[in-house]
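Here is the structure we will look at.
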Amino acid sequence: MLKNTRLVVAALAAIALVLGGLIYRDVFVGAKNTASAVNLYTVARRTVTATVTGTGNLVPMQQANVSFKVSGTLTEIDVHVGDHVSAGQVLARVDATPEENALASAQANLAIAQANLQSAETPLTQGQINQLRDNVTNAQQQYNDTVAQVNLTNTQDAAQVTTDQNQLTADQAALNASAQYQLDLSNLAAAKSQVVTDLAKLTSDGCALQPATTNPCMTDFNTLLIDQALVTTDQGKVNLDLAQVNADQAKLSSDTAKQQADKSGGQRSINQAAASVTSAQDSLTTQTESKPNQILSAQAQLASAQVAVQTAQQNVTNTTLIAPMDGVVNSINGVVGETAITGSGATAEAPGTQAPLPTGVASSAFMVIGNVSGLEVVIPFAESDASKLAFNQDTQVTFDAVPNLTISGHVVAVATAATVQSGVVNYYATVGLNQTNPALKQGMTSNATVTVSKVTNAIVVPNLAITRLGGQAYVNVYEGGKEVQTSIQTGVVGDQFTEVTGGLNEGAQVVIPTLRVSGSSGTGRIGTGGGVRIGGGG
């Protein structure tokens, strides 16, 4: 390996030495016979072609982002990425249960609306009108009965509460006047006071921290127990004295609560009875006096119900995703069991076609389908080049992935609005290919050369022969052994030649400037004359 490397280095060094010698000879060693050499071009006629170039991508002639119009759980996906599909083919389904339930509900509402319209359009018999009037009479009677019953109940409740209050007042006065009650209160107070005294003595004798097994603590504890028992006895006597008053108070509270409940319930009953009267009166009025309006209302409700059924039916249909066109499945976003949401994912179209604009952003649609039966090239052109593009201009397209393949095409359209990316202004153009090739696939990098102008049988000169001063074009015409600067009028400017529309005749000889680097006494200078050529003619 090291030996091979040395050989390569040696070979490169030899080549460099030879090239250095040639350059030294041509540049630094002046040739006496080249000073008068002139590079001439004889003006002739030929075809001049001007082109612009751009790089873009192959895209399908048509592409669609396909998504469900209703959300739901994916129950089946019937295709895979790369499959060919036909327009109308089933692609996937989501669970249709919610939509089917909604359809059933809408159909039930439609049946009700149809029945209501039929009822509104059918004339009432005298018997039906009499029944409606009877309904009003009955509802009014029910209202009157309800009001009377509620008033009676409220009166009875008020009387009972008054009686309870009087009884409580009387029993309370009798209790306060009772000598036995006052004696029992006095005895209870005395017994409680004695217990306090006993506790104080217990503490003063130091019995709180000593066992009650020796005097005086034993005596103190026994006395306390006796006095506490007396308090309990006296409290029982007082409670017995208060029993009647407490019973009166409980009855008063119960009857007062009943009075409030009866008032609330009675008012609700009156309100319901009044609503029944209003409903019966409205029914009578609607069906006997407002028949035309009722029919119009029923017709509107029927129309609304029909629309609801159509919408529900469409939602059921939308649980099945159908291919909108023939093509190839480019991508699928979702698997069975996941929730498919209603996606947008609208496709941005290229100029003059249904082909999509190339983008590096993945589509949010559930599925993307591309029609690859025909491919087109979408290319961003710089604004200076885009201004030269026009419909149907001839184009030659090559492909990075397929060497030695060139396909002719034509410009389909050029965008009228610019696309600005990172501050660079471009205009998208669509190029249609005149033929297909099985090696081509969507997304491939494509290089387009567009012929923007062309003239045949034109007088031309090489671009290198032209100089421009103040917007005027000049060439040096070689006449009589001299160079004469001559102004010319130009037309189409090609990649190598320029059309001359005036100022120069066919057969004239023009000078192609050359560059020579000469040396003298160790110094070098750059000038015109014989030497190194920088252009060619012919």
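Looking at the stretch 359-437, which chymotrypsin sites (Phe, Trp or Tyr not before Pro) are in a loop (DSSP not H, G, I, E or B) and have at most 13 other Cβ atoms within 10 Å?
Passing sites in the stretch 359-437 are F391.
Among the helices of the chain (complete DSSP H runs), which have Cα atoms covering no less than 18 Å along the helix axis and a Kyte-Doolittle mean of at least -0.5? Please report the intermediate quantities before stating the final value.
Numbers: long enough: 2-28 (38 Å, 1.40); 97-121 (36 Å, -0.20); 126-177 (77 Å, -0.92); 179-204 (37 Å, 0.10); 217-288 (100 Å, -0.45); 291-317 (39 Å, -0.17).
Result, helices passing both filters: 2-28, 97-121, 179-204, 217-288, 291-317.
In terms of the Cα gyration tensor, with a ≥ b ≥ c the square roots of its eigenvalues, is the stretch 413-507 rounded because a/c is under 1.5, prolate because a/b exceeds b/c, or oblate?
prolate
Once amide H atoms are placed 1.01 Å from N in the peptide plane, what residues at a sequence separation of 5 or more from I322, or on another chain, have their amide H within under 5 Å of its amide H?
HN-HN under 5 Å from I322: L91.
Is the C-alpha gyration tensor of the stretch 126-294 telling us rounded, prolate or oblate? Criteria: a/c under 1.5 is rounded; beyond that, a/b larger than b/c is prolate, otherwise oblate. Numbers along the way, then the final one.
Details: a/c = 8.53, a/b = 3.74, b/c = 2.28.
Because a/c hits 1.5 or more and a/b exceeds b/c, the stretch 126-294 counts as prolate.
Take the alpha carbon gyration tensor of the stretch 111-192, find the square roots of its eigenvalues, order them as a ≥ b ≥ c, and report rounded if a/c is under 1.5; if not, report prolate when a/b exceeds b/c, else oblate. Don't skip to the end; give the middle numbers.
Details: a/c = 15.10, a/b = 4.05, b/c = 3.73.
Cα axes put the stretch 111-192 in the prolate bin.
Taking every pair of distinct Cα atoms and averaging 1/r, then inverting, what Kirkwood hydrodynamic radius in Å comes out for the chain? Write out the running numbers ahead of the final one.
Numbers: mean 1/r = 0.0262 Å⁻¹.
It works out to 38.2 Å.
Give me the net charge of D95's neighbourhood, meaning all other residues with Cβ under 15 Å from the Cβ of D95; Lys, Arg count +1, Asp, Glu -1.
Net local charge, D95 excluded: -2.
Given a Förster distance of 35 Å, report the FRET efficiency between T256 and Q141 from their Cβ-Cβ distance, rounded to the nearest 0.05. Provide the component values of the computation, followed by the final result.
Working: r = 32 Å, r/R0 = 0.93.
Calculated value: 0.60.
Going by Cα centres, the stretch 109-125 and the stretch 127-204 are how many Å apart?
57 Å
At most 13 other C-beta atoms within 10 Å and a DSSP loop state: those are the exposed GluC sites (Glu not before Pro) I care about. Give me the longest piece of the chain that has none.
So the longest stretch without any such site is 1-288.
Taking the Cα centre of the chain as origin and charging only Cβ (+1 Lys, Arg; -1 Asp, Glu), how large is the dipole, in debye to the nearest 20?
Details: 25 positive and 38 negative charges, 853 e Å.
Charge dipole, the chain, about its Cα centre: 4100 debye, nearest 20.
Could you list R45, R468 in order of exposure, starting from the residue whose Cβ has the fewest other Cβ atoms within 10 Å?
Fewest-to-most Cβ neighbours within 10 Å comes out as R468, R45.
As I understand it, the dipole of the chain uses +1 on the Cβ of Lys and Arg and -1 on the Cβ of Asp and Glu, about the Cα centre. Which of T320, N144, C207 lies farthest toward its positive end?
Toward the positive end, the furthest listed residue is T320.
Fewest Cβ neighbours within 10 Å first, please rank I226, I332 accordingly.
With the sparsest Cβ surroundings first, the list reads I226, I332.
At a threshold of 8 angstrom on Cα-Cα distance, excluding pairs fewer than six apart, so keeping six or more, what relative contact order does the stretch 287-391 reach in percent? Please report the intermediate quantities before stating the final value.
Working: 58 pairs, mean separation 28.9, N = 105.
Once divided by the residue count of the stretch 287-391, the mean separation gives 28 percent.
Between A382 and D495, what FRET efficiency comes out of the Förster formula 1/(1 + (r/R0)^6) with R0 = 22 Å and r the beta carbon distance, rounded to 0.05?
Taking R0 as 22 Å, the efficiency between D495 and A382 is 0.85.
Give, rounded to the nearest 20 debye, the magnitude of the charge dipole that the stretch 126-294 has about its Cα centre when Lys and Arg contribute +1 at Cβ and Asp and Glu contribute -1 at Cβ.
The dipole magnitude comes to about 520 debye.
For T288 and V307, calculate 0.36 nm times their separation in residues minus their Cα-Cα distance, and state this gained length in nm to one decimal.
Length difference between fully extended and current span is 3.9 nm.
Could you sort the peptides 241-253, 442-454 by per-residue average Cβ neighbour count (10 Å cutoff), highest mean leading?
Descending mean neighbour count gives 442-454, 241-253.
Roughly how far apart, in whole Å, are the Cα centres of the stretch 249-277 and the stretch 79-103?
Answer, in whole Å: 61.
Enumerate the amide H contacts of V372 below 5 Å, restricted to partners 5 or more residues apart or on another chain; note that Pro and chain-start residues carry no placed amide H.
So V372 has HN proximity to V328.
Expected output is a single nm value to one decimal: the length gained when fully extending between Q131 and V81, i.e. 0.36 nm times separation in residues minus the C-alpha distance. What is it?
Separation in residues times 0.36 nm, less the Cα-Cα distance, equals 11.0 nm.
Neighbour counts of other C-beta atoms within 10 Å: give me M218, M367, M61 arranged from fewest to most.
M218, M61, M367
Taking only C-alpha pairs under 8 Å that are 6+ residues apart, what is the relative contact order of the chain in percent?
Reported relative contact order: 31 percent.
Hey, with R₀ at 30 Å, roughly what FRET efficiency would Q180 and A229 work out to, going by the Cβ-Cβ distance, to 0.05?
FRET efficiency, Q180 to A229: 0.90.
Residue-wise, which Karplus ³J(HN,Hα) couplings in Hz belong to the stretch 405-415, taking 6.51 cos²θ - 1.76 cosθ + 1.60, θ = phi - 60°, and x for glycine or proline?
Here the 3J(HN,Hα) series is 10, 10, 10, 6, x, 8, 6, 8, 6, 10, 4 Hz.
Values in this text are rule-based calculations from the coordinates and carry no lab data. Computed from a predicted model, the values in this text were never measured in an experiment. Reconstructed Cβ throughout: ideal geometry from the backbone, glycine too, with neighbour counts over all protein chains shown.
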